[in-house]
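Below is one structure; the comments refer to it alone.
The values are calculated or read from the model by the stated rules, or taken from the named source; none is laboratory data. Please read all numbers here as calculations on a predicted model, not as lab measurements. So basically every Cβ, Gly included, is an ideal-geometry build from the backbone, and we count neighbours across all protein chains shown. Accessible surface areas use protein heavy atoms only, side chains included; no ligands, DNA or RNA. Shrake-Rupley method; radii C 1.70, N 1.55, O 1.52, S 1.80 Å.
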Amino acid sequence: MATTTTTAGTTSLSTDNTSQTSLLGSLNRDGFVLIPSLLTPSQLQTLRSTTLEIDALARAGKWPHVRTLPKQFPPWTIPPGTNPAANGIWGVQFLMHPKLSPSTTFIQHYFSSPIINVVKELIECEDEELVLELFNLLVRPDEDFELVWHRDDIPWNASTEEEKERLGVGKPRERAWHAQWNLALHDDNSLIVIPGSHRRAKTDRERAAGPHETGLPGEIKVEMKAGDVVFYDNNILHRGKYDAGKPRATLHGSMGRIGGNPDRARNVLQHGIGEWVGQIDLSALEGKEKERAEGMRERLKSMGGHTGEYSLQG
Ligand SMILES: O=C(O)CCC(=O)C(=O)O
């Protein structure tokens, strides 16, 4: 059972919300589900030290795929010949990229059963339907930074009717096409959500809110301990509030299932992953896990390939 406390106008969820219902039940009801301690201490240690390496590389301007300050949303394109980190960063893209040398650790983690089993439960599918999507890292910004209130896939100024249509309000619930998560490698309470807002249009109060307004009715900070993961509906009303003085290394991933809207695959591929997805090095995986990962990759390529808009390699 979740208990809440209030800090500076924002209520914090301080325990997990998995005890009363299934993971899927919680996700459907609240728009997010917090799973404590998904990682063993040794997995946590390995991932944390690998992300430290990546963080240093990216801040030194040696990795071109970064979320730059003060930009909030993709595309993350860096003009050629410029230092990608010149204005500071708040994220590192493409953890499984073949040119990122520590990518093996992230590949092993992304395709591991603890993650995959939760995804399968939340999107109600089997191994044979899973589709590889995105895997990025959210880090401490170089200066304090906040994201505006948003839903990932619906513009803020969508009308109430459009929001209801896109969110399936009043329709029977359908299996989700993808799952998205944040896995914290340090304690992290940067993500602020309004529980239940993934299944309704914005209220007048929310519609009139300032982009960084604190204290909206019902808002909570999702309080994660290192090793916890939160899965969330990316159309929940949410924002991020980041403290430059606080370490952050939060793995930000998504996975889908085959047959979904081709726009979704296009979206994933258009982040640039289409250019290198064929070269992700799966050689550290073994047996069924490797087979499953290869299948996930092929399904992403086939979904994006329908339109002929991509020229995937490898
Ligand atoms: O930093 C976070 O936890 C949330 C990031 C986010 O809202 C986004 O990338 O759309």
Report summary line: In the range 4-305, taking the dipole from +1 charges on Lys and Arg beta carbons and -1 charges on Asp and Glu beta carbons about the Cα centre, the listed residue (Leu147, Leu282, Val131) farthest towards the positive end is Leu147
Query raised in the report: Short version: ³J(HN,Hα) in whole Hz for each residue of the range 210-227, in order, from phi by Karplus 6.51 cos²θ - 1.76 cosθ + 1.60 (θ = phi - 60°), x for Gly and Pro, what are they?
Result: x, x, 10, 5, 9, x, 5, x, x, 5, 9, 8, 7, 8, 10, 8, 3, x
**Report entry** the range 36-189: relative contact order as a whole-number percent, Cα under 8 Å and 6+ apart
**Finding:** 23 percent
Requested in this report: Could you do me a favour and compute the accessible area per residue for the range 4-305, 1.4 Å probe, result in Å²?
Outcome: 43 Å²
Report task. Once you've got the Cα coordinates, tell me which of Lys171/Lys221; Lys99/Lys164; Lys71/Lys99; Lys71/Lys171; Lys99/Lys221 are over 31 Å apart. Result -> Lys99/Lys164; Lys71/Lys171; Lys99/Lys221
Query - the chain, dipole about Cα centre (Lys/Arg Cβ +1, Asp/Glu Cβ -1), debye to the nearest 20 - result: 240 debye
**Report entry** Arg266 versus Asp153: modelled label distance in nm, points set 7 Å from Cα along the beta carbon direction
**Finding:** 1.4 nm
Query raised in the report: With all pairs of different alpha carbon atoms counted, what Kirkwood hydrodynamic radius in Å does the chain show?
Result: 20.1 Å
Query - Descending Cα extents along the principal axes, the range 37-112, whole Å - result: 39, 23, 20
Query raised in the report: When the helices in the chain are scored as -39500 (n - 2.57) per DSSP H run of 4 or longer and the sum is shared across all residues, what 222 nm value do you end up with, to the nearest 500 deg cm²/dmol?
Result: -8000 deg cm²/dmol
**Report entry** Under Karplus coefficients 6.51, -1.76 and 1.60, residue-wise ³J(HN,Hα) of the range 57-64 in Hz, glycine/proline x
**Finding:** 4, 5, 5, 7, x, 9, 9, x
Requested in this report: Measure off, as a whole percent, the carbon and sulfur share of the 1.4 Å-probe accessible area of the range 4-305, all protein chains present.
Outcome: 51 percent
Requested in this report: Once you have all Cα-Cα distances for the range 129-241, histogram them in 5 Å bins from zero and send the whole-percent values.
Outcome: 2, 10, 20, 22, 20, 15, 9, 3, 0
Report summary line: For the range 4-305 the mean separation of alpha carbon contacts under 8 Å (6+ apart) over residue count, i.e. relative contact order in percent, is 28 percent
Report summary line: Relative contact order in percent for the range 193-264 (Cα pairs under 8 Å, 6+ apart) equals 44 percent
